[in-house]
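Step one of this worksheet: look at the structure below.
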Amino acid sequence: MLPCFVRRAVFSFNPRYSHAKNVFPNIRHLVTSVDPSSGLTEEQQQIYKTALDFAHLEMRPHMAEWDEKHHWDLVLFTAREDYGGTGLSRLDASITFEALSQGCVSTTAYISIHNMCAWMIDKFGREDLRKTWIPQLASMEKLASYCLTEPGAGSDAGSLNTTAKKSGNDLILNGSKAFISGGGDTDVYLIMCRTGEPGPKGISCVLVEKGTPGLSFGKKEKKIGWNSQPTRAVILEDCRVPISNIIGKEGQGFSIAMKGLNGGRVNIASCSLGAAQASLEISADHLKVRKQFGKPLADFQHSQFQMARMATKLVASRMMIRNAATALEESHPNDVTLCSMAKLYATEACFEIVNTALQLHGGYGYLKDYAVQQYLRDIRVHLILEGTNEVMQMVIAKDILKSK
Amino acid sequence: MSLRILVGVKRVIDYAVKIRVKPDKSGVITEGVKHSMNPFDEIAIEEAVRMKEKKIAKEIVAFSCGPAQCQETLRTALAMGADRGIHVEVAGPQFDTLQPLHISKMLAQLAKDEQIDLIIVGKQAIDDDCNQTAQMTAALLDWPQATSASKIEAKDGSLQVVREIDGGLETIKVKLPTVVSADLRLNEPRYATLPNIMKAKKKPIKKLTPKDLGVDVSPRIEVVTVEEPPVRLAGAKVENVDMMVEKLKALGHA
């Protein structure tokens with residue numbers, strides 16, 4: 001209805017923007033609420049609804065099975081249009097992930113990583129790389145993995161050790177990458193590796209295809225959640241690729257990786273949000289049906305207060321996430337901080353929501369027949385990956401305390 | 001063939017929502033309740049889109065009658081592949097007493113105004129379960145009808161339609177122009193793709209009133225009371241088959 005408003009009204013802690021709401025008289029159209037469609041344009045509501053229908057009909061029924069089998073049903077997604085090829089905004093992507101994650105957090109989270117890799121190639125890659133890869137990645141015929149973390153370089157990613165040495169027109173990569181989502185099963189690996197000096201400025205982003213000699217994988221990791229997608233170490237031993245496989249400029253890799261992560265943080269937070277929304281709805285149904293001491297649980301003030309707190313945290317999370325997505329879209333001066341805040345707040349608040357939902361289910365909540373425990377296991381890792389929530393606090397504090 | 005197809009799409013309470021009756025028994029609660037396109041109408045749209053993809057049809061017009069929110073339903077139809085929409089706005093008490101006959105009259109008039117060759121509607125809406133619109137539209141236009149279709153094939157100026165009837169399938173041939181109603185097994189509707197959702201925004205929706213179509217929708221009936229179906233009562237256990245038969249006989253079931 002008012003797409004320009006949604007794009008422009010970014011509220012941040014920066015006082016310059018805090019009165020923005022007075023500038024836009026029709027602000028009520030932007031109101032975010034417990035209803036995920038509230039505040040969205042007509043088009044976005046349609047996107048949300050379609051994604052939610054897909055999540056309910058095609059993903060939710062298989063969610064437990066994918067968790068158990070430790071494998072997603074990839075065929076499912078090959079026919080689907082991806083965001084990279086659709087020109088959707090950051091907010092559009094966020095609401096899509098929010099909807100899809102209600103069907104399966106783990107699978108949706110992997111799609112968000114794939115999407116981030118496609119975005120990095122699309123945004124920074126040379127024309128020939130874009131031409132080769134974007135159509136295949138956008139249709140999800142080929143899948144991508146993001147490779148930054150190393151066994152010895154986690155939060156301190158700028159200190160990474162994987163090297164890429166020049167040899168004629170080639171680069172020779174050596175080192176290993178840890179916790180790589182999709183590792184071993186995906187087709188394209190975006191490897192952050194050192195092509196120059198120590199520190200972040202000596203890092204480049206290099207595209208390595210599966211099947212390149214010297215590229216191998218570690219064992220499939222066993223995890224608490226995120227089971228529908230494999231996680232493996234990616235090992236590079238004298239792995240030779242053309243220099244033209246560098247995404248962006250030499251030495252730009254760390255910056256590209258961080259830019260990718262900004263969107264990644266909003267998307268991962270959106271996945272937590274979807275899980276929290278679904279858990280809230282499941283709990284409301286459960287409380288109305290389950291009876292103890294002669295009345296439905298919904299009639300107990302304790303349950304009511306718990307639901308009230310869950311719903312309040314949910315709306316707060318949604319506001320922060322959508323605000324951050326809009327900030328990123330608009331290249332707002334505080335976009336990095338706002339994305340970090342959204343990830344920090346929403347992943348924690350949504351984990352608390354789902355945890356409370358599990359408690360409200362009592363013993364049933366602990367059973368694998370009920371979806372709540374899987375949402376809990378799947379979103380726990382969102383407090384750790386895409387930059388731990390501790391790193392989020394470092395980023396936020398650095399911005400607040402910097403000399404003006 | 002290059003048909004112009006008119007498809008009726010109704011906005012109904014979503015199939016997954018638990019229906020609740022208003023405390024004053026004047027109707028069911030619709031406020032704040034999720035609404036969607038009637039599932040049978042989704043099948044109707046899908047069939048029209050497939051016919052267009054097979055070059056049997058050249059244009060698909062989606063029609064919906066009801067409050068302003070019907071435009072969302074029309075957008076869904078447009079995102080699935082309809083070319084343009086027509087919204088006949090009816091709200092408030094008039095909408096509450098709207099009957100299939102009113103919709104049929106509108107469809108019939110639109111069919112004339114828009115030079116329509118084929119009307120496809122869902123066989124029934126999941127809210128009132130009337131299953132009347134297709135039949136009455138055909139009667140008003142004096143067109144043949146093929147209801148409860150589970151397969152449609154275009155054959156030299158006519159349609160061969162497989163109908164789901166009690167106890168089996170019936171294949172009939174109808175001359176165009178005609179009215180078809182879609183049954184559950186006709187097809188499986190697609191998910192609108194994201195680019196098509198974006199494109200749907202730019203497709204036109206014409207707004208009309210019942211008066212524009214010469215249809216009088218003033219209420220002729222009054223809803224006296226709406227009640228929930230009786231709650232299923234607890235059963236009783238019987239010792240053996242004989243006792244069960246005896247019980248059933250006593251209750252008049254056998």
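A short reminder: the numbers here are calculations on the coordinates, not readings from a lab. Because the structure is a prediction, the values reported are computed rather than measured. All Cβ positions, glycine included, derive from the backbone under ideal geometry; neighbour counts span all protein chains shown.
Assuming R0 = 45 Å, can you tell me the calculated FRET efficiency for the pair B:Asp216 and B:Lys58, based on Cβ-Cβ distance, to the nearest 0.05?
Values: r = 33 Å, r/R0 = 0.73.
Efficiency computed from Cβ-Cβ geometry: 0.85.
Using the Cα centre of chain B as origin and beta-carbon charges of +1 (Lys, Arg) and -1 (Asp, Glu), tell me which of B:Val88, B:Leu233, B:Val28 is placed farthest towards the positive end of the dipole.
B:Val88
Within a Cβ distance under 10 Å of B:Leu208, other residues only, what is the Lys/Arg minus Asp/Glu net charge? Let's see the in-between values first.
Numbers: positive: B:Lys206, B:Lys207, B:Lys211; negative: B:Glu89, B:Asp113, B:Asp212.
Taking every other residue near B:Leu208 into account, the sum is 0.
Which residue fluctuates the most in chain B, going by a Gaussian network model with Cα springs under 10 Å, if the choices are B:Ala91, B:Ala182, B:Ala108?
For chain B, modelled as a Gaussian network with Cα springs under 10 Å, the answer is B:Ala91.
Determine the sum of side-chain charges near A:Pro230: Lys and Arg each +1, Asp and Glu each -1, restricted to other residues whose C-beta is under 12 angstrom from that of A:Pro230.
On the way: positive: A:Lys69, A:Lys219, A:Lys220, A:Lys222, A:Lys223, A:Arg232; negative: A:Asp185, A:Glu221.
Summing Lys/Arg as +1 and Asp/Glu as -1 gives +4.
When a footprinting reagent is the concern and you count Cβ atoms within 10 Å, what order do B:Val90, A:Val315, B:Val226, A:Val372 take, fewest first? Numbers along the way, then the final one.
Numbers: B:Val90 22, A:Val315 17, B:Val226 12, A:Val372 25.
Ascending number of Cβ neighbours within 10 Å: B:Val226, A:Val315, B:Val90, A:Val372.
Do any of B:Lys25/B:Lys247; A:Lys291/A:Lys313; A:Lys165/A:Lys398; A:Lys288/B:Lys207 go past 31 Å between their Cα atoms, and which? Let's see the in-between values first.
Values: B:Lys25/B:Lys247 35 Å; A:Lys291/A:Lys313 26 Å; A:Lys165/A:Lys398 33 Å; A:Lys288/B:Lys207 42 Å.
From B:Lys25/B:Lys247; A:Lys291/A:Lys313; A:Lys165/A:Lys398; A:Lys288/B:Lys207, over 31 Å: B:Lys25/B:Lys247; A:Lys165/A:Lys398; A:Lys288/B:Lys207.
Cα centroid distance between region B:36-92 and region B:127-195, in Å?
15
Reachable lysines from B:Lys155, Cα under 22 Å, same-chain residues fewer than 8 places away excluded?
B:Lys52, B:Lys54, B:Lys55, B:Lys58, B:Lys173, B:Lys175
Quick one: grab the alpha carbon gyration tensor of chain B, order the square roots of its eigenvalues as a ≥ b ≥ c, and give me rounded if a/c is under 1.5, else prolate or oblate depending on whether a/b is larger than b/c. It would help to have the intermediate numbers written out before the result.
Values: a/c = 1.91, a/b = 1.43, b/c = 1.34.
Cα axes put chain B in the prolate bin.
Does region B:37-76 come out rounded, prolate or oblate, given a ≥ b ≥ c as the square roots of the eigenvalues of its C-alpha gyration tensor, rounded meaning a/c under 1.5 and, failing that, prolate meaning a/b above b/c? Write out the running numbers ahead of the final one.
Working: a/c = 3.27, a/b = 2.03, b/c = 1.61.
Prolate.
Could you give the longest part of chain A that holds none of the chymotrypsin sites (Phe, Trp or Tyr not before Pro) found in DSSP loops with at most 13 neighbouring Cβ atoms within 10 Å? Intermediate results must be reported in sequence, preceding the final value.
Values: sites that count: A:Phe13, A:Phe293.
Maximal segment without exposed cleavage sites: A:14-292.
In nanometres, what is the gap between the two model label sites at A:Asp156 and A:Lys368, each 7 Å from Cα along Cα-to-Cβ?
With each label point 7 Å from Cα toward Cβ, the separation is 3.9 nm.
If we count every other residue with Cβ under 11 angstrom of A:Asp187's Cβ, Lys/Arg +1 and Asp/Glu -1, where does the sum land? Please report the intermediate quantities before stating the final value.
On the way: positive: A:Lys142, A:Lys210; negative: A:Glu141, A:Asp185, A:Glu209.
Every neighbour counted, the sum reads -1.
How about A:Lys219: which aspartates and glutamates have a C-alpha closer than 14 Å to its C-alpha, ignoring those fewer than 8 places off in the same chain?
Within the straight-line cut-off, A:Lys219 pairs with A:Asp185.
R0 = 25 Å: FRET efficiency of B:Gln115 with B:Leu140, Cβ-based, nearest 0.05?
Numbers: r = 17 Å, r/R0 = 0.66.
Using R0 = 25 Å, I get an efficiency of 0.90.
In nm, to one decimal, how far is the modelled label at B:Ser2 from the one at A:Glu68, with both set 7 Å along Cα→Cβ?
5.4
Rounded, prolate or oblate, given the Cα gyration tensor of region B:106-215, with a/c below 1.5 counting as rounded?
Cα axes put region B:106-215 in the oblate bin.
Over chain B, what is the relative contact order in percent, taking alpha-carbon pairs closer than 8 angstrom and at least six residues apart? Present the calculation step by step, with values, prior to reporting the outcome.
Working: 510 pairs, mean separation 59.6, N = 254.
23 percent.
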